[in-house]
Amino acid sequence: MNTQHLKKSFSSYFNSESEIIVRAPGRVNLIGEHTDYNDGFVLPMAIDRAVWLALRPRDDRIVRIFSLDLEVDSAFELNSLTKGSDWIEYPKSIAYELEKAGYKLRGFDAVMTGDVPRGAGLSSSAAVELAIARAFAATSGIEWNAPKMAKFSQKAENEWVGVKCGIMDQMASAACKEGHALFLDCRSLEIQHVPLPVGISIVVLDTSTRRGLVDSAYNERRNQCEEAARWFGVKALRDVSLEEFNKRSKDELNQLAVKRARHIVSENTRVLEAMEAMKAGDVKKLGELFNASHDSLRDDFEVTNDALNTMVECAREQTHCYGARMTGAGFGGCAVALVNEENAAEFVEAISAVYRQRSNMEAAVYVCKPSAGASLMYE
Ligand code: GLA
């Protein structure tokens, strides 16, 4: 990202110089899908694609943001936050949550831009939320506490925007460390920064399919998981071990709930194994876990689509790929592949061609670097 361009845009739009630049990244989840709202484990990584804001504090309580990408300007007044239905709802929702928590916010003028593809499952909305939270922290003298800000942002999305997401995306955008993936226990919010094994590339494969109605399918999965947890007599499926799951007869539980639960229980185990494999530099094992995760999301959790399954097959056929899986909520969007670093360029070319041939669609392919969470560029 060229911050000079952002600063120039600010000065030409607002006729004054910006004082602060903040950024917050998108993320790709390496493994641990749909486990966050089951109090389970996840292993995402912040990517080198982000939302950026150049800003200047104001003396009043007005927030005015010019979106460079949408070429529109929008503003709100911190004293009278009312709901609308536009992109500005994300910034507004953060303001609402912070004010509700007792912070007295100061207004600002900002120019915003980003390169996280929207609707692709790479958490472009979490990136906007955390960039705005980082901006308010900088302008209003709030100490930056990544997990706390992630929780405010999740609450903002749940309650103001109305999407019942878990905590993974916001925590990844807030708390990741460069060169590392983030192991997160979604119940305790305990984190561990796990270094990426040397010699591998994380390649994000956008199928270019997007599915509407994701929210209703997502909420339906949540309900099925809760139904299974009730049946097992636990607070969340996190509390059921794989051994216990296999041992117990499940004839009396609705068979769809059995499948959903099997995914969650086995996926939690895979995340723990993946973390160990990463620590041991065992890329082969990590690849196998990627593959098993996808198969479980396809057969038991049923959140893949044809394009994702085709993409994953195409990736797995490539000699230098250790494993591949869908990533994010599913129903469209991206897959992620683990590829030998030396052969990443070759892989990108091959997969683009094979996917085009097999699906008649164009993939967007990104070789991603593990990046830092939300940060202040300068003051
Ligand atoms: C979306 C949600 C996350 C998580 C994933 C699936 O990205 O925002 O909280 O549930 O789906 O793992």
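For residues in the range 113-136 being of a type outside the set (Lys, Arg) and without any contact (Cβ under 8 Å) to a residue 60 or more places away in the chain, which is nearest to the ligand (Cβ to nearest atom)?
Ser125
Could you list, in sequence order, all residues of the range 291-310 that are hydrophobic (A, V, I, L, M, F, W, C), part of a helix (DSSP H, G or I) and closer than 25 Å to Lys247 by Cα?
Ala292, Leu297
Report yes if some residue within the range 214-222 is out of contact with any Lys or Arg (no Cβ under 9 Å at 6 or more places or on another chain), buried (at least 16 other Cβ atoms within 10 Å of the Cβ) and within 22 Å of Glu317 (Cβ to Cβ); otherwise report no.
No, there is no match, as no residue in the range 214-222 is out of contact with any Lys or Arg (no Cβ under 9 Å at 6 or more places or on another chain), buried (at least 16 other Cβ atoms within 10 Å of the Cβ) and within 22 Å of Glu317 (Cβ to Cβ).
Hey, does the range 230-237 have a residue that's more than 24 Å from Pro44 (Cα to Cα), buried (at least 16 other Cβ atoms within 10 Å of the Cβ) and within 26 Å of the chain's Cα centre (by Cα)?
Scanning the range 230-237 turns up no residue that is more than 24 Å from Pro44 (Cα to Cα), buried (at least 16 other Cβ atoms within 10 Å of the Cβ) and within 26 Å of the chain's Cα centre (by Cα).
Say whether the condition of being within 16 Å of the ligand (Cβ to nearest atom) and under 16 Å from the mean Cα position of the chain (by Cα) is met by at least one residue in the range 88-104.
Within the range 88-104, one or more residues are within 16 Å of the ligand (Cβ to nearest atom) and under 16 Å from the mean Cα position of the chain (by Cα).
Output the qualifying pairs, or none if there are none: Cβ atoms under 9 angstrom, residues six or more apart or on different chains, first residue in the range 329-340 and within 12 Å of the ligand (Cβ to nearest atom) and assigned to a strand (DSSP E or B), second residue at pLDDT below 95 and open to solvent by 10 Å² or more (accessible area, probe 1.4 Å).
Qualifying pairs under 9 Å: Cys334/Pro117; Cys334/Gly121.
Can we say Thr310 is of a type in the set (Val, Ile, Thr), more than 30 Å from Tyr355 (Cα to Cα), under 24 Å from the mean Cα position of the chain (by Cα) and modelled with pLDDT of 95 or more?
no
Need pairs with beta-carbon distance below 9 Å; first residue touching a residue at least 24 places away in the same chain (Cβ under 8 Å) and under 20 Å from Val116 (Cα atoms) and within the range 352-365, second among the hydrophobic types (A, V, I, L, M, F, W, C) and open to solvent by 30 Å² or more (accessible area, probe 1.4 Å); sequence gap 6+ or separate chains.
Val365/Val348
Is it fair to say Val28 is under 30 Å from Asp239 (Cα atoms) and not small (Gly, Ala, Ser)? Step through it out loud before you land on a result.
Numbers: under 30 Å from Asp239 (Cα atoms): yes; not small (Gly, Ala, Ser): yes.
So Val28 fits the description; yes.
Which one of these is within 21 Å of Ala181 (Cβ to Cβ) and either surrounded by 14 or more Cβ atoms within 10 Å (Cβ to Cβ) or not aromatic (Phe, Trp, Tyr) (or both): Val258, Val265, Val283? Break it down stepwise before answering.
Working: Val258 fails: within 21 Å of Ala181 (Cβ to Cβ); Val265 fails: within 21 Å of Ala181 (Cβ to Cβ).
Val283 is the lone residue from the list that is within 21 Å of Ala181 (Cβ to Cβ) and either surrounded by 14 or more Cβ atoms within 10 Å (Cβ to Cβ) or not aromatic (Phe, Trp, Tyr) (or both).
Can you pull out every residue in the range 336-352 that is open to solvent by less than 30 Å² (accessible area, probe 1.4 Å) and touching a Ser or Thr at 6+ places or on another chain (Cβ under 6 Å)?
Val336, Val339, Ala344
Can you spot a residue in the range 27-35 that is over 21 Å from Glu157 (Cα atoms), open to solvent by less than 10 Å² (accessible area, probe 1.4 Å), touching a residue at least 60 places away in the same chain (Cβ under 8 Å) and more than 16 Å from the ligand (Cβ to nearest atom)?
No, the range 27-35 has no match at all.
Does the range 52-67 contain any residue that is within 16 Å of the ligand (Cβ to nearest atom) and within 24 Å of Lys177 (Cα to Cα)?
For the range 52-67, residues within 16 Å of the ligand (Cβ to nearest atom) and within 24 Å of Lys177 (Cα to Cα): absent.
Give just the number: which of (1) modelled with pLDDT under 95; (2) in contact with a Pro (Cβ under 8 Å, 6 or more places away or on another chain) does Ala374 not satisfy?
Of the numbered conditions (1) modelled with pLDDT under 95; (2) in contact with a Pro (Cβ under 8 Å, 6 or more places away or on another chain), the odd one out for Ala374 is (1).
From the list Asn38, Asn79, exactly one residue is within 16 Å of the ligand (Cβ to nearest atom) and of a type outside the set (A, V, I, L, M, F, W, C). Which is it?
On the way: Asn79 fails: within 16 Å of the ligand (Cβ to nearest atom).
The conditions single out Asn38.
Scan the range 223-234 and give yes if some residue there is in contact (Cβ under 8 Å) with a residue 60 or more places away in the chain and either of a type in the set (S, T, N, Q) or touching a strand residue (DSSP E or B) at 6+ places or on another chain (Cβ under 8 Å) (or both), otherwise no.
no
Report, by residue number, each residue of the range 65-82 that is over 19 Å from Phe136 (Cβ atoms) and touching a helix residue (DSSP H, G or I) at 6+ places or on another chain (Cβ under 7 Å).
Correct list: Leu68 only.
The values are calculated or read from the model by the stated rules, or taken from the named source; none is laboratory data. Please read these numbers as outputs of a predicted model, since none were measured by experiment. Cβ: placed from backbone, ideal geometry, glycine included. Neighbour counts: every protein chain shown. Just the protein is used for accessible areas: all its heavy atoms, side chains included, with ligands, DNA and RNA removed. Shrake-Rupley method; radii C 1.70, N 1.55, O 1.52, S 1.80 Å.
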